């Protein structure tokens, strides 16, 4: 100890202590961190990112730039997150067929695995919303009525009261939410695709989003019953008026023609 | 046996059968015998278009019947309550009692939803029926003397029907109806100077307040239907009094009515038709949903849904608002919202335009005769063209009112539709007028040709020298009569402005206008002279004609 304490003022002492400290921290990290798993995960992820980058270069880079930095034809994808990729590619909106007022949904051309790889690549460019888990989007345990209130407050002005869709300016439109995967509804709220405003968790909490999804599932899902009969598109008075004129008055006029054509005949005597 | 018969016949002489006694009793007090005598054999002509008014009458009766049922369960109150009915997606939501009771009617009252839907569908069909009935009367000239008052009654029924419908649409206090009421409030507010006061008066304070449902309720179930019922009765009395019009045809003159008697034929037909109308409307109400308030949710002023339109009969007012540029003038701290006020002013004008036409026409023709024979629309090209132009105008506004639905369903930009409507509002009626007039004149020419040259038989004959001709068959006497029965007016002339003594007479601007309009209506450009007897004789005598 004497030897050690005698050299403690040595000019190189600080360097030695630093090296020891670094070695200790690194050693401790190496010892305690779930090393093996992290290692494997990283490999898969980096593999996914590499694969995703390849897919990106082929399918997306022409508009969004080689590094996702965006161009005059497409916005920057830095920070949009995996959720945005999963929504846009998962609903077939991306890659876009042609520029226009709005990119419509169409046939999905990538497999879910490929979408996940692209999502991983985009997520690696900058932090953003992640793809929601199953339990986050399942309507189980949600408050449907609250979802309805939230939907009418935040969504109905574009998507119509039960999510049948509606028109926006200059050929843009709010699409129908019928048959849309709950995961995509969640991601759309989270990321605000195209003309839609985004509703991050600070605006609509995770629970709120779940409620909205549950409400849509209740009023516009596969098992939704229409108590009054044919829904007529659920579009409100325009389709009702058309139906009333064509089938209501139309039938009555046909009946009137029929009645008028049957007149009393003079008895043959 | 003989005694019994005698006693029977005596008792029958002394005591008439019960039915006869009741009838005697009623006649002594109500004079039903003379009424029945004059009306039971009343003749009505047969044509399907004469039954359009019946569709309206019956749907009106259906609306009243179903409406009474709905009043038994509806609470016209805006008190806030929490929903605990059968519809799961609204559980625990706060809503007005009006909405709550409508939900109750829809889900928890036996037959409630069906009755509600019959009521609403019947209302749409009632208005559509009135529209078509009015157009039938218009295009056939059935509004001419002596029926002008009845035309006005009918028009008032249409307008009152619109407002009764609107107040009914507002009662459930759902998101859609609340938006409609807000729309109306905006229109009231745009009235210069008094708008704000009117709005506060109507809603008992700031919108939406707690009063309007109760107020609209009295208007909807009492005031407007009461007036309408009176007008309907008046309308029917006048139909009886004037007797029904008929189309021209052999044996039909301005002084007779050819058809079947009210009793028993028309009583049976009309009675049966009532049940057919009821059946069709009930079937439609059972098949198709209307105004699904559960899907729209309760009204809150901070909520709105896209596709918020009024029922079809108010759609043209929605169109006026939607396509009007948002102009406004700010002066001395006050805003004049022209973007809303101008549509509010045009709204009644659209309706008045068609309502006053009969009076303009009678002024132009100066005709004081009674008309009981209907016109074929083609024979009155200017009127027909005006009517068609008005319908096209109305339809253009309906397109404007549904611009968002047109946009999404035809993949168009809403802005393009709006601009189309802005231009079409001025252009389409003019084009329709010109096109319709040309079509009418063309049809008149064809009629003239048919009368003079007969019907094209489709038989091709080869003459000995090789020429091919088509054989024309002369029309029957009946057909000739029908095609030539109409009167043709001569354009009114101002006449010499200087009398025989050389004194100049003053010609007023109105007279000049009338002469010019008359020239337009009935001049060379306005109608094709119908064939005269001389022309017909000359041609059919076989001089130089195949």
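Some points to look at:
- The stretch A:153-169, residues that are crowded, with 24+ Cβ neighbours inside 10 Å, free of Cβ contacts under 8 Å to residues at least 12 places away in the same chain and assigned to a helix (DSSP H, G or I): A:156
- Only residues that are closer than 13 Å to residue A:114 by Cβ and assigned to a loop (DSSP other than H, G, I, E, B) were counted across the stretch A:74-90, and they come to 0.
- Filter result for residue B:82 (surrounded by fewer than 19 Cβ atoms within 10 Å (Cβ to Cβ), free of Cβ contacts under 8 Å to residues at least 24 places away in the same chain, within 14 Å of chain A (Cβ to nearest Cβ) and touching a strand residue (DSSP E or B) at 6+ places or on another chain (Cβ under 8 Å)): yes
- Any hit, the stretch B:197-218, residues being touching a residue at least 12 places away in the same chain (Cβ under 8 Å), within 19 Å of residue B:54 (Cα to Cα) and surrounded by fewer than 16 Cβ atoms within 10 Å (Cβ to Cβ): no
- Test: residue in the stretch B:38-53 that is out of contact with any helix residue (DSSP H, G or I) (no Cβ under 7 Å at 6 or more places or on another chain) and either over 30 Å from residue A:255 (Cβ atoms) or away from chain A (no Cβ under 14 Å) (or both): yes
- The combined condition, being more than 11 Å from every other protein chain (Cβ to nearest Cβ), surrounded by 14 or more Cβ atoms within 10 Å (Cβ to Cβ), in a helix (DSSP H, G or I) and at pLDDT 90 or above, is not fulfilled by residue B:222.
- Qualifying residue in the stretch B:258-269 (condition: at pLDDT 85 or above, more than 14 Å from chain A (Cβ to nearest Cβ) and closer than 27 Å to residue B:486 by Cβ): no
- Residues (within 14 Å of chain B (Cβ to nearest Cβ) and crowded, with 23+ Cβ neighbours inside 10 Å) located in the stretch A:178-188: none
- Every residue from the stretch A:220-241 that is more than 7 Å from chain B (Cβ to nearest Cβ), modelled with pLDDT under 90 and touching a helix residue (DSSP H, G or I) at 6+ places or on another chain (Cβ under 9 Å): A:220, A:223, A:224, A:233
- Contact map, the stretch B:271-292: residues that are at the interface with chain A (Cβ under 7 Å from one of its Cβ atoms) paired with residues that are assigned to a strand (DSSP E or B), Cβ distance under 7 Å, separation 6+ or inter-chain. Pairs shown: B:287/A:230; B:288/A:230; B:289/A:230.
- If only residues of the stretch B:449-470 that are surrounded by 10 or more Cβ atoms within 10 Å (Cβ to Cβ) and over 44 Å from the mean Cα position of the chain (by Cα) are counted, the one that is farthest from residue B:532 (Cα to Cα) is B:461.
- A count restricted to the stretch A:101-137 and to residues that are surrounded by fewer than 19 Cβ atoms within 10 Å (Cβ to Cβ) and either in contact with a strand residue (DSSP E or B) (Cβ under 8 Å, 6 or more places away or on another chain) or part of a loop (DSSP other than H, G, I, E, B) (or both) stands at 15.
- Annotation note: of B:99, B:126, the sole residue that is within 14 Å of chain A (Cβ to nearest Cβ), crowded, with 24+ Cβ neighbours inside 10 Å, in contact with a helix residue (DSSP H, G or I) (Cβ under 8 Å, 6 or more places away or on another chain) and closer than 23 Å to residue A:143 by Cα is B:99.
- Scan of the stretch B:293-310 for residues that are at the interface with chain A (Cβ under 8 Å from one of its Cβ atoms) and under 19 Å from residue B:124 (Cα atoms), ordered by number: B:307, B:308, B:309, B:310
- Enumerated helices (runs of 4 or more DSSP H) restricted to the stretch B:333-421, each holding at least 1 residues that are within 14 Å of chain A (Cβ to nearest Cβ) and in contact with a strand residue (DSSP E or B) (Cβ under 9 Å, 6 or more places away or on another chain): B:403-410
- Residue A:98 meets all of the listed conditions (1) surrounded by fewer than 15 Cβ atoms within 10 Å (Cβ to Cβ); (2) within 14 Å of chain B (Cβ to nearest Cβ); (3) in a helix (DSSP H, G or I) but one, namely (3).
- Boolean, residue A:251 is in a loop (DSSP other than H, G, I, E, B) and within 11 Å of another protein chain (Cβ to nearest Cβ): no
- Test: residue in the stretch A:146-161 that is away from chain B (no Cβ under 14 Å) and more than 15 Å from the chain's Cα centre (by Cα): no
- The lone criterion from (1) more than 14 Å from chain A (Cβ to nearest Cβ); (2) in a helix (DSSP H, G or I) left unmet by residue B:58 is number (1).
- Scanning the stretch B:377-411 for residues that are without any contact (Cβ under 8 Å) to a residue 40 or more places away in the chain, in contact with a helix residue (DSSP H, G or I) (Cβ under 7 Å, 6 or more places away or on another chain) and either closer than 25 Å to residue B:136 by Cβ or surrounded by 24 or more Cβ atoms within 10 Å (Cβ to Cβ) (or both) yields B:390, B:407.
The values are calculated or read from the model by the stated rules, or taken from the named source; none is laboratory data. All of these numbers come straight from a predicted model, not from anything done at the bench. Don't worry about glycine lacking a Cβ; one is built from the backbone with ideal geometry, like all the others, and counts go over all protein chains shown.
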